[in-house]
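Please treat every number below as a calculation from the coordinates, not as lab data. Here the structure is a predicted model, which means the values were calculated and not measured. Here the Cβ positions follow ideal geometry from the backbone for every residue, glycine too, while neighbour counts run over all protein chains shown.
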Amino acid sequence: MRTRTATIVAATLLLILTAAWAQQQPSAASQNLPASASPVPSASAKAPADDPMFQTRHPRYKLELGDTFDINFDLSPEFNQTVTVQPDGYITLRGIGDLHVADLTVPELTTNLRTAYNKILNDPPISVTLKDFEKPYFIADGQVDRPGKYDLRGDTTLTQAIAIAGGFKDTSAKHSQVLLFRRASEGWYSAKIFNVKKWDKEGDLHEDPFLHPGDMLFVPQNTISKIKPFIPGSSMGAFINPATF
């Protein structure tokens, strides 16, 4: 977890700077681009409300490394077993062998188990019960009063999570560019920039997203504008692979 958090933080500054630079660039018309052409969109060009990844309110839990669960066979109890997700994302099944299960939901896992065991059993009814798993959490970092890892209990929005972390540091927080990182697939994270300052000013929180387990919010400093001249010449987009940093 420490490694994952560190790599996300390392990616954060580049994303903020690139998005800020992209927003400052001239339009297609000012660059004499043909009418059919369009510039590459910045990470924040699309409204957060249009992104399905940030609209989902009640996502299903996905298996992580180290999770333990029971597999029960109603008609073939000799195959009942308790397994743990190994560091490579696999489990070892009795009578079947290895099966990759990391990042699967319990319904997806159940379907894959039935498919695997259908090779030696006739359409076996299987149930899965989680025993030991990663408790829901979120991480708050950057210019908040109490950075750290917090339990995610019930429905929690981005602004509520900021409040749980003690709120903004008044003198250094960039309220208009709060980043929310969300895991998109193994090794990749989707990042969105949210203008919390605008929400507070207008008293409108309809775009305030609900957090998912494992989300990380990052509040940057005001000083990023001083570094913008050194930003590369094109937007890096909304997705970051921490392994590249």
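Some observations on this one:
- One decimal place: the segment residue 105-residue 72 gains 10.2 nm when fully extended, by the rule 0.36 nm per residue minus the C-alpha distance.
- Ranked 94, 183, criterion: other C-beta atoms within 10 Å, fewest first: 94, 183
- Sequence-separation-based contact order of the stretch 68-132, relative, with Cα cut under 8 Å and 6+ spacing, percent: 40
- Listed cross-link partners 62/174; 135/197; 62/192; 62/198; 169/192; 62/197 are compared with a 27 Å cut-off, the Cα-Cα value being larger for 62/174; 135/197; 62/198; 62/197.
- Distance between modelled label sites at residue 127 and residue 94, nm, 7 Å Cα→Cβ extension: 1.7
- Electrostatic tally near residue 175: other residues with Cβ closer than 14 Å to its Cβ, Lys and Arg +1, Asp and Glu -1, net 0.
- Whether the stretch 68-132 is rounded, prolate or oblate, judged on the alpha carbon gyration tensor where a/c under 1.5 counts as rounded: prolate
- An oblate overall shape is assigned to the stretch 59-102, the ratio a/c of its alpha-carbon gyration tensor axes (a ≥ b ≥ c) being 1.5 or greater and a/b not exceeding b/c.
- Packing rank of 130-137, 199-206, where each peptide gets the mean count of other beta carbons within 10 Å, highest leading: 130-137, 199-206
- As a proxy for reagent exposure, 106, 83 were ordered by neighbouring Cβ count within 10 angstrom, fewest first; the result is 106, 83.
- With the simple model of a label 7 Å out from the Cα in the direction of the Cβ, residue 134 to residue 205 spans 2.7 nm.
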